[in-house]
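Notes follow the structure.
The values are calculated or read from the model by the stated rules, or taken from the named source; none is laboratory data. What you see is a predicted model, and the numbers here were worked out from it, not measured in a lab. Backbone-built Cβ (ideal geometry, glycine too); neighbour counts: all protein chains shown. Just the protein is used for accessible areas: all its heavy atoms, side chains included, with ligands, DNA and RNA removed. Shrake-Rupley method; radii C 1.70, N 1.55, O 1.52, S 1.80 Å.
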Amino acid sequence: MILGAAGQLGRELAQLLRGSELVCLTRADLDLHDAAAVTARLVALAPAAVVNAAADNRVDAAEADPRDAIAVNALAVAAIARACRASDAFLVQPSTDYVFDGRTTKPYTEEDRPNPLGAYARSKLAGELLARTLAPRCAIVRVAGLYAAGGSRSKGGSFVDRVIARARAGEQLRIVADQLTAPTYARDVARTLAALLPRWVRGEAPGGTYHLTNAGACSWFEFASAALELAGVPATIEPVSSAALGAPAPRPAYSVLANTRLAARGEPPLRPWRDALAAYLEGE
């Protein structure tokens, strides 16, 4: 079962798992604000595995009013985890690089202690803790800066598509240059999950926390510049600081994730972020 099947990761994973016995539920199919309905639906369907790709990722909106973020990113996860425990289903719970505070200069491993800065990040960490506590068979999968065709509905498309569209429209581009991360193509995460999921379900690979991001690191300014260069769209971008941008929610200055457990399992690493970006722009 894929929850949040209309989102970036959910869509990509559903495409890869076509032909298997798969139930895809979107926000229209199941309201994650209704924890009782979530539990009842999952217990009735009794899936072997649940990938909860649903999330409220409106980072700045959560800072003003965290109730939706808490409901979807934490309380709904608790309901999903309880249902997975009841049916012995394996739960895959995606999370975010934002659970870290960014007060370092080396990539975070799965063993590093989270310290979220804002309301959205706290709701995602709460979801991690609830999933681990309530679902004995569980994998937490932290990703960063996801993008995919169609983008995020709540954000009006992917970061890449928005930057290119604004450049083509002749808009002034001001992109934050002091936040380093590893922007990640959702298709690459989905491919890795599709490979790991059967092994997790059969107990051939351990659960726990995994970091899944494209290799390397860049600022959002560097990422936007690369997107425009690879797309052949001329534009002038102004690099700005986080302080100058004045976003309501704090964000980590450094949130690069080391994919340590993936490497320890002997799994192939995700490709470098620039290669993934080029493939995305080519429609691959």
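With a 1.4 Å probe and all protein chains left in place, how much accessible area per residue does the chain have, in Å²?
44
Show the residues, 5+ positions off or on another chain, whose built amide H is closer than 5 Å to the amide H of ILE175.
GLU238, VAL240
Using θ = phi - 60° and the Karplus curve 6.51 cos²θ - 1.76 cosθ + 1.60, what whole-Hz ³J(HN,Hα) does each residue of the range 238-244 get, with Gly and Pro shown as x?
So the J values, rounded to whole Hz, are 9, x, 10, 7, 4, 5, 5.
Through the Karplus equation 6.51 cos²θ - 1.76 cosθ + 1.60, θ set to phi - 60°, convert the phi angles of the range 90-103 into ³J(HN,Hα) values in whole Hz; use x for Gly and Pro.
Residue by residue, the range 90-103 yields 8, 9, 10, 10, x, 9, 9, 5, 5, 6, 9, 8, x, 8 Hz.
Can you give me the C-alpha center-to-center distance between the range 39-72 and the range 193-235, rounded to a whole angstrom?
Result: 21 Å between the Cα centres.
Within the range 18-140, what whole-number % of the accessible surface is contributed by carbon and sulfur, with the 1.4 Å probe and all protein chains included in the calculation?
That fraction is 52 percent.
List the residue ranges in the chain for DSSP H helices whose C-alpha atoms run 20 angstrom or more along the long axis and whose Kyte-Doolittle average is 0.0 or above.
Helices passing the filter in the chain: 119-134, 186-202.
Pop out the carbon and sulfur fraction of the accessible area of the range 144-284 as a percent, whole number, probe 1.4 Å.
Numbers: 3260 of 6180 Å².
For the range 144-284, the apolar C and S fraction of the accessible surface comes to 53 percent.
How much length, in nm to one decimal, is gained on full extension between VAL233 and THR105, taken as 0.36 nm per residue of separation minus their Cα-Cα distance? List each step's numbers first, then the result.
Working: separation 128, 0.36 × 128 = 46.08 nm, distance 3.21 nm.
That pair, VAL233 and THR105, stretches by 42.9 nm at full extension.
If packing is taken as the mean number of other Cβ atoms within 10 Å per residue, what is the order of 20-27, 84-91, 2-9, highest first?
The packing order, highest mean first, is 2-9, 84-91, 20-27.
Given H placed 1.01 Å from N in the peptide plane, which residues other than close sequence neighbours of VAL141 have an amide H under 5 Å from its amide H?
Result for VAL141 returns GLN93, SER95, TYR210.
So how strong a dipole does the range 1-43 carry about its Cα centre when Lys and Arg Cβ are +1 and Asp and Glu Cβ are -1, to the nearest 20 debye?
The dipole of the range 1-43 has a size of about 100 debye.
Across the range 247-253, in residue order, what do the Karplus-derived ³J(HN,Hα) couplings come to in whole Hz, using 6.51 cos²θ - 1.76 cosθ + 1.60 with θ = phi - 60° and x for Gly and Pro?
With the stated coefficients, the range 247-253 comes to 5, x, 9, x, 10, x, 6 Hz.
Non-local amide H neighbours of VAL256 (under 5 Å, H modeled in plane, Pro and chain starts lacking H): which ones?
So VAL256 has HN proximity to TYR108.
Give me the one-decimal nm value for the distance between modelled label points at ALA40 and GLU21, 7 Å along each residue's Cα-to-Cβ direction.
Reported label-point gap for ALA40 and GLU21 is 2.5 nm.
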